[in-house]
Amino acid sequence: MRAFFRPLVTGLSIVGLTVTPAMVSAQSTGVLYTVVVPAGGFGSSLFLRDLLGSLATARLFCGQIQDQSLQVDCLSDRLEQVAEEIPEGTDYDEVRSILAETSAELGTLARQNRDRSRGRVKATQPGQGPEGTTRPLNAIAPDALAAVNAQAVDILEEATTKLLRSADNKNRNQYARIAEALESNKVLLRS
């Protein structure tokens, strides 16, 4: 079995803690808990919930950014973070690879179509402290926004297709749920 550790927010030092997904804030850092990803079987249900939660948090975070021109690069940033949270050498390697590739494609799309009259912006959420994007985001040029959003939707659809095609009998249900969570990010690009 493999285990990885993920930071969560709290002002307390805790020696032992049982944490359920409902207790964990998406933007948290500070407390350490363990998610076990079995090496022989396909992932744990706790890890899958954590992964699905991370994808939902990406959508929520980017959706709260009022500037539509930042959404593509925001999704790139958030998907990169989700991919980096997936431990290497597990049954989730294919998911990790697809999310990282999707993030890179969205980032390239944003850079190639950036609004050169605007500087890059680091996005944060009001009331959430300094937590925000891991890097400054590129705003999309206004005249390219509709076309870029359509291309970003295509990139997300391609990623969900790759996830579904790479699934085998033991992980089909989990990959389908991950693909559905990833695909839900298209809503941001169609509004």
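Every read-out reported here was derived from the displayed coordinates using simple, explicitly stated rules and does not represent laboratory data. No experiment lies behind these values; they were computed from the predicted model shown. Every residue, glycine as well, gets a Cβ built from its backbone with ideal geometry; the counts of neighbours run over all protein chains shown.
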- [ ] Could you check the simple spin-label distance between SER45 and ARG190, using points 7 Å along Cα→Cβ, in nm with one decimal?
- [x] 3.1
TODO: Compute the FRET efficiency between ARG177 and GLU88 as 1/(1 + (r/R0)^6), taking r as their Cβ-Cβ distance and R0 = 22 Å, and round to the nearest 0.05.
DONE: 0.55
Task: Whole-angstrom gap from region 77-110 to region 139-165, using each part's C-alpha centre - done: 15
TODO: Would you pull out the residues with amide H under 5 Å of LEU137's amide H, same chain only if 5 or more places away, H placed 1.01 Å from N?
DONE: VAL121, LYS122, ALA123
- [ ] Please find the FRET efficiency linking ARG120 to ASN169, where r is the Cβ-Cβ separation and R0 is fixed at 30 Å, and quote it to the nearest 0.05.
- [x] 0.10
